[in-house]
Amino acid sequence: MARAAAGREQDILLKGGLVVDGTGAAPYSGHLLIRAGKIHRISRRPLRTTGIVIECAGRVVVPGFIDAHSHLDWHIAIKGHDELKYPFLAQGITTVVGGNCGTSVAGMREDSIWKAQAESALLRNGLPSGRCDTVAEFFTRLSASGASHNIALLAGHGSARASIRGNDPCPLHPYETKELLWLLESAMEQGARGVSLGLQYEPGMYAPPEELREVAAAVKRRGKILAVQMRAFSAVAPGYHLRPFGEPRSLIALREMLDLARATGVRLQLSHLVFVGTRTWGSADAALALIDKAIADGVDVRFDTSSHHYGASVIGVVLPAWFLAKGRAAYEDSSSLRRVRRQIRLVERLLGFGPADIQVTNTLDPDLAEYNGKFLHEIARMRRMNPVDTLIDISRRSGGQAKVLCHRYSNEKIIDSLVRHPASLFMTDAWVERFGVQNPGAFGAFPRLLQLARDRRLLSVEETVRKMTGATAERFGLAGRGVLAEGNAADVVIYDGASVADTTSPADTSGAPIGIDYVFVNGKKMIGSGKKENPLSAGVPLA
């Protein structure tokens, strides 16, 4: 498919492909010339070069995909370990927005005594810390060492808060709140695109409404974006008092965030909109109606979504806040254990989600390593325990950090509605594990979106690509990215529109995608005819 000619190697001509430029404009047959990392020429008429020519007839030429919700910031600055980064390139992702769910690799108190709690054990993957106290330090490190992807960063509210007080559930003192705001504003001054909240994780779950308002107001003042993992994505949820009836907690959590945006005027990005448990699925239409109403009222709100039915987390996310707030003492207190067992069983009946839907990818305990990849009910049977006690025991042994895949996040009908919705952007919300079972989103989320849009006729190819590229670049202010235009960075993907597909399955969660032929990052070929190019170091920090 590619042939080399004498001349300047930096010139690469992509000849005769179906150009889908990322703006939503109709596709056309065209030619694109890459020079010095930029798109030098793009034309419907033939172009000439003495450099490399890649014949693209029968292929689609698009901007590099932008992952609107990534956690690659925890791995991208670590030298080596290409196996943690390559799968994202292999599915066409050239730019990531990191620092989501309240957890970021930078933007924390220097020399914090709470370093262990400010860092994410879930995302560190057992590797040396990639943590930087400041965003400026993080970007400097990337510029010096090279990166596999372009990266924009959000400042994690939870990481900054934990660096001040750890996971203490008590409200911050006024002087601590001032320091928290100073840390977040400093991060934004240094290039962070905004702030992320993780309201299902410690310590974000303990932040009172007035603290969240102050954070949102600070983000608004800077003209940045607030990305939020809401307190609940299910009809009943650990973040709320357990009441069997009434409005689904996912809708209460959504309204809380929309009201926050209304009160402060902040630009709101709803992270990984999902509907956990079969009894939550019926609230999806109501959630989209709330979002539509907010947009009609002038609220600047969008959401990101994936193409799979499940997602990765830690086992502690299914335990109630009151239990987690007691720390390790909760696992030794018989009264707390009786209460939490009752609550887990009740939630399972009310929600249609329970231990049978939780797949443990890594127990983080050598004595339990044989259970990696198995569902809790399978582990319970093997250990001759009941599933609820198995959940509690693995959480106790891992400090609530055992890695899991939670299933029944949604169904195909809901995914179709989210993909089609005008306010949706696309993302992976995934990372590659060094051990255990993988999250399929890290391997096939974007090819699967192309596949679904094609096979189910959810969206036109130009609208699908726009959501993956130009719309996301515009949302996060990524100038010169996301659109094939002269002068823009040469982040380009060439794929086979007829065959592109995700190959992951419950039996093989790390299957490589098919149909992604070439990936260029800043004009450097990172993937060529499905093969990795070395080294993976063409990305840049997007400060």
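Some notes on this structure:
- Cβ-derived FRET efficiency at R0 45 Å, N386 paired with S510, nearest 0.05: 0.90
- Simple spin-label estimate for K532 and R45 in nanometres, 7 Å along Cα-Cβ: 4.3
- Estimated distance in nm for a label pair at A144 and D111, the labels positioned 7 Å out from Cα along Cα-to-Cβ: 2.0
- Angle in degrees between helix 284-296 and the longest Cα principal axis of the chain, rounded to the nearest 10: 70
- Each peptide in 437-448, 154-165 gets a packing score, the mean of other Cβ atoms within 10 Å over its residues, and the list from highest to lowest is 154-165, 437-448.
- Linear extension gain, R339 paired with D367, 0.36 nm per residue minus alpha-carbon span: 7.3 nm
- All C-alpha pair distances within the range 417-543, sorted into 5 Å bins from zero, spread as 2, 10, 16, 21, 24, 17, 8, 2, 0 percent across the bins.
- Relative to the longest principal axis of the Cα atoms of the chain, the long axis of helix 441-455 lies at roughly 60 degrees.
- FRET E, pair H173, A36, Förster distance 41 Å, beta-carbon r, rounded to 0.05: 0.20
- All-pairs Cα distance distribution in the chain, expressed in whole percent, bin size 20 Å: 23, 57, 19, 1
- If the chain linking A57 and T278 were pulled fully straight, counting 0.36 nm for each residue of separation and taking away their Cα-Cα distance, it would gain 75.1 nm.
- At 0.890 mPa s and 25 °C, Stokes diffusion of the range 88-240 via Kirkwood alpha-carbon radius, µm² per second: 156
- The packing ranking, built from the mean of other Cβ atoms within 10 Å per residue, places the peptides 451-462, 350-361 in the order 350-361, 451-462, highest first.
- Inter-probe distance in nm under a simple model that places probes 7 Å from Cα toward Cβ, at D82 and D259: 5.2
- Cross-link partners for K38 among the aspartates and glutamates, with Cα-Cα distance under 14 Å and sequence neighbours closer than 8 places in the same chain left out: E9, D11, E486, D491.
- Note, ³J(HN,Hα) from phi for the range 413-422, Karplus 6.51, -1.76, 1.60, rounded to Hz, x at Gly and Pro: 5, 5, 4, 4, 5, 5, 4, 6, 4, x
- Cross-link check: pairs K15/K525; K220/K467; K15/K85; K413/K467; K374/K403 evaluated at a Cα-Cα cut-off of 21 Å; pairs beyond the cut-off: K220/K467; K15/K85.
Each value in this text was obtained by applying a stated rule to the coordinates, not by laboratory testing. Model, not experiment: these values are computed from the prediction. Note: ideal-geometry Cβ built from the backbone for every residue, glycine included; neighbour counts use all protein chains shown.
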